[in-house]
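First the structure, in the form of C-alpha cells, and then the observations on it.
The values are calculated or read from the model by the stated rules, or taken from the named source; none is laboratory data. All of these numbers come straight from a predicted model, not from anything done at the bench. Cβ: placed from backbone, ideal geometry, glycine included. Neighbour counts: every protein chain shown.
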Amino acid sequence: MLPPGVALGIIAFLLSLLPAGFFIWLLYLRRQDRSVKASMVTTAFALGLLLVVPAFALEDWSEQLWRYLSPETAHYFAGAILPLQGLSNILWPAIGTFLVVATVEEGLRYIVLRVWIQKSKRIDQVFDGALLGLAIGLGFATLENTIYFLNLFQSGSYDTLVFVFFLRFLISTLAHVSFSGLMGALVARGVFDVYRGARYFWPAFLIPWFVHGLYDLLLGINFSLYAVLVLVPGLVVFIMWTQRREFTIIHRQDGQILASALPSGSTEGAGVDGQSSESPNASRNKEAPWLRYSRYVRKRRDTIDGNES
C-alpha cells in the first residue's frame, strides 16, 4: 500500500505526462521520417526534468532575498497576483521575473543545448536542434506541472483542478515548447554556421528570455489574455520552422561540420578542411525504420556486384 503522499505524487506526474506525451506524439512519434533516435529524445526529456531542480533551487534562494528587498515581490514569486497600485508593483516584479526566473530557466536550457549540440556527432540538422529543444522544454514543463498538481491535491483544491489542468496543458506547456524549440533551432544554426555563429547564439538566448519574462510578468499582474497573445508569434514561427526543408539539410558528417551544407539527396559535399566527403541518407528520414532495411539491401547488392566483377 503506497503512502498517500506518494500516491498523489504519482497521480500528479501522470497527469503532467499527458500534455507532454501529446506533443511528443504530435511532433515526433507519429512521424515516420524521424531525424533523431528515440533515445536522444528521451535523454532530452530527462534533462528537462533534471533542470527543474537547480532552477527551482535558485528561484527559492532569490525569493528569500526578495523578502528583504520587496515583500510584495516575494509574494509574487510565491504565486500571488499583484495589484497595480503603483509603478513599484510592476518594476520590482519585472526585475525579478527577467533577471531571476527567465534568466535562470532559459540560461540553464541554453547551456545544455549549446554544449550538447556543439559536442554531439549525431545532431546534423537544424531540425534536430529544434526537436531536442522541444523535448527539454516538455521535460521541464512536466515536472513543473507535477509540482502544481501535487500542491492542488495536498491543499484539497479539487474544484479548480480541471481549470488548472487545461491551463497548464494549453498555456504553460505551449510556452515551454515555443521557448525551447526556438532556442534549439537557433543554437543549431549557430553551431553549423562556423563563420557567423554569434548572430544566432545571441538571439537563441535573448528571444526566449524576453518572451518568457514578459509572459510570466503579464500572468503575475493578472493580464492573462495578453500573456497568451505573447506566446502566439513564437509558436507560429516554431511550427513554420518545423516545415522548412532547409532545416533538414545535413550540416555535419562523422562529427565534422561541413563547410557547404548538403541538400536532401546529395551524395557528397565539402568538409571544413575542403575535402569532399560522402553524406549519410539525407534529410530527416534517415532514422526511418524502412531505411534501415533499404541500406542493408543496398549494401548486400553492392557486395554481390563487387564479387561478380
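At a glance:
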item: Sole exception among (1) part of a helix (DSSP H, G or I); (2) surrounded by 20 or more Cβ atoms within 10 Å (Cβ to Cβ) for Ser35, by number; result: (1)
item: Among the residues listed as Leu214, Leu186, Leu219, the single one being part of a helix (DSSP H, G or I), at pLDDT below 90 and among the aliphatic types (A, V, I, L, M); result: Leu219
item: Cross-chain or 6+ apart pairs with Cβ under 7 Å, the stretch 208-224 first and closer than 18 Å to Val237 by Cα, then of a type in the set (Phe, Trp, Tyr); result: Pro208/Phe179; Val211/Phe179; His212/Phe179
item: Residue count for the stretch 104-126, restricted to those that are touching a residue at least 24 places away in the same chain (Cβ under 8 Å) and among the polar types (S, T, N, Q); result: 2
item: Single unsatisfied condition, Ala74 versus (1) modelled with pLDDT of 75 or more; (2) more than 25 Å from Pro19 (Cα to Cα); (3) of a type in the set (Gly, Ala, Ser); result: (1)
item: Residue under evaluation Ser39, criteria (1) within 18 Å of Gly213 (Cβ to Cβ); (2) at pLDDT 85 or above, criterion not met; result: (1)
